[in-house]
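Colleague: Below are the structure tokens for one structure; questions will follow.
The values are calculated or read from the model by the stated rules, or taken from the named source; none is laboratory data. Given the structure is predicted, the values throughout are model-derived calculations rather than measurements. Here Cβ is always computed from backbone atoms with ideal geometry, including for glycine, and neighbour counts include all displayed protein chains. When the accessible area is computed, the model is the full protein with side chains, heavy atoms only, and any ligands, DNA or RNA have been set aside. Shrake-Rupley method; radii C 1.70, N 1.55, O 1.52, S 1.80 Å.
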Amino acid sequence: MNISNGVFWVNEDVNPCTMNITGNINHTGGEFIGTDLSGAATINVSGNLNVSGSTSTSYFVLTSSTGVCTLNLTGNLTVTGGNLLLTEAAANGILKMNGNYTHTGGAITELASNNAGEITFNGTGMQTITATTNVTNTVNYTVASNAYAQMAGANDYINGNGSFTIQAGAKLGMRSSTGISSSGNDGHVRVTGSRNFNTGADYLYNASTTQNTGSGLPATVRRLTVNNTGLTLPNSVT
């Protein structure tokens, strides 16, 4: 599916709607809207979602009214330009992805006053996160149970005004020299909302240099893996 101009609505009705794409979605311009009324929309994409183009003319929008839109993405998400707008209205916009996450340009955001965008990593294999561009407003991130989110490089980070949660049974791989922090603007997780590092999750430090676990590592974890040239633990870990 290639969108370069005009407007494409998945659902502009009060009843629910489902759209299945067996290939990729390439969005370079114009506007894509998941749901624009109270009816919910479910979008299942077997391939990749690529968002690019000018931030003034390219808008990929999930939720634009009171209906909830959920995008289930089997492949990779790549945002190098344009806007990935999760919600701009009275309902959350939800992105559940099995592939890699790349945000190196353009905008990932939400514009609703009392709601949020949601991004969930729920793949069955390693999902690489390459993120060097700021996310704005309230976007909540979740690494689901049994998923494995691996930060691609030392300088990749997740931020915005939302929360970050790694669930029990999930795994987080880190390459930053400062690991994960409970607050502040360093390490891989920099959201200004809550940071929930579950004690039942796995934490992997696998940079090519020495690392510090950071203040965000829980006092008890399910599994701690060290695969680097040295790890400093500022606090005791069981």
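Colleague: How much accessible area does LYS96 have with a 1.4 Å probe, in Å² rounded to the nearest 10?
Modeller: 80 Å²
Colleague: Another question, if that's okay. What residues qualify as long-range amide H neighbours of GLN150, i.e. H under 5 Å apart, gap of 5 or more or another chain, H built at 1.01 Å from N?
Modeller: GLN127, THR128, ILE129, GLY173
Colleague: Ordering ARG190, ARG175, ARG195, ARG222 from largest to smallest accessible area (1.4 angstrom probe), what's the sequence?
Modeller: Largest to smallest exposure gives the sequence ARG222, ARG175, ARG190, ARG195.
Colleague: In terms of the Cα gyration tensor, with a ≥ b ≥ c the square roots of its eigenvalues, is region 70-178 rounded because a/c is under 1.5, prolate because a/b exceeds b/c, or oblate?
Modeller: prolate
Colleague: So if I place +1 on the C-beta of Lys and Arg and -1 on the C-beta of Asp and Glu, and nothing else carries charge, what would the dipole magnitude of region 25-177 be about its Cα centre? I want it in debye, nearest 20.
Modeller: Around 420 debye, computed over region 25-177.
Colleague: With Cβ to Cβ distances under 13 Å as the rule, what net charge do the other residues near THR87 carry (K, R +1; D, E -1)?
Modeller: Neighbourhood net charge equals -4.
Colleague: Also: Using the Karplus curve 6.51 cos²θ - 1.76 cosθ + 1.60 with θ = phi - 60°, what ³J(HN,Hα) values do you get for each residue of region 93-110, in whole Hz, with x for Gly and Pro?
Modeller: x, 10, 10, 10, 10, 9, x, 7, 10, 10, 9, 10, x, x, 10, 10, 7, 9
Colleague: Classify region 1-74 as rounded, prolate or oblate from the Cα gyration tensor: take a ≥ b ≥ c as the square roots of its eigenvalues, call it rounded if a/c is under 1.5, otherwise prolate when a/b beats b/c and oblate if not.
Modeller: Note, shape of region 1-74 comes out oblate.
Colleague: I need the phi-derived Karplus couplings for region 173-178: 6.51 cos²θ - 1.76 cosθ + 1.60, θ = phi - 60°, integer Hz, Gly and Pro marked x.
Modeller: Values per residue, Gly and Pro as x: x, 10, 10, 6, 5, 10 Hz.
Colleague: Now, a different point. Quick one: pull the percent of accessible area on the chain belonging to carbon and sulfur, 1.4 Å probe, ligands and nucleic acids left out.
Modeller: Carbon-and-sulfur percentage of accessible area, whole number: 44.
Colleague: Does region 129-213 come out rounded, prolate or oblate, given a ≥ b ≥ c as the square roots of the eigenvalues of its C-alpha gyration tensor, rounded meaning a/c under 1.5 and, failing that, prolate meaning a/b above b/c?
Modeller: oblate
Colleague: What number does region 183-232 give for Rg over Rh if you use C-alpha atoms and the Kirkwood radius?
Modeller: 0.96
Colleague: Here is a follow-up. Sequence-distant or interchain residues sharing an amide H contact under 5 Å with SER181, placed H: which?
Modeller: The list, which skips near neighbours in sequence, is HIS188, VAL189, GLY216.
Colleague: Sorted from largest to smallest, which semi-axis lengths in Å does the alpha carbon gyration tensor of region 36-98 give for its equivalent ellipsoid, taking the root of 5 times each eigenvalue?
Modeller: 19, 16, 7
Colleague: In region 93-238, with Lys and Arg counted as +1 and Asp and Glu as -1 at Cβ, which of these residues, THR192, THR209, GLY105, has the Cα nearest the positive end of the dipole, that is, farthest along it?
Modeller: Toward the positive end, the furthest listed residue is THR209.
Colleague: Considering the alpha-carbon set of the chain alone, what are its Rg and its Dmax in angstrom?
Modeller: Radius of gyration, then largest Cα-Cα span, for the chain: 18.0, 57 Å.
Colleague: Expressed as a whole number of Å, what is the distance separating the alpha-carbon centroids of region 163-225 and region 1-55?
Modeller: Region 1-55 and region 163-225 have Cα centres separated by 33 Å.
Colleague: What net charge do the residues around ILE119 carry, taking every other residue with its C-beta under 12 Å from that of ILE119, with Lys and Arg at +1 and Asp and Glu at -1?
Modeller: So the surrounding residues net to -1.
Colleague: Work out from phi, with θ = phi - 60° and the Karplus expression 6.51 cos²θ - 1.76 cosθ + 1.60, the ³J(HN,Hα) of each residue of region 11-23, listed in order in whole Hz, and give x for Gly and Pro.
Modeller: 9, 10, 9, 8, 9, x, 8, 10, 10, 10, 10, 8, x
Colleague: Given Cα pairs under 8 Å that are at least 6 residues apart, what percent is the relative contact order of the chain?
Modeller: Relative contact order comes out at 11 percent.
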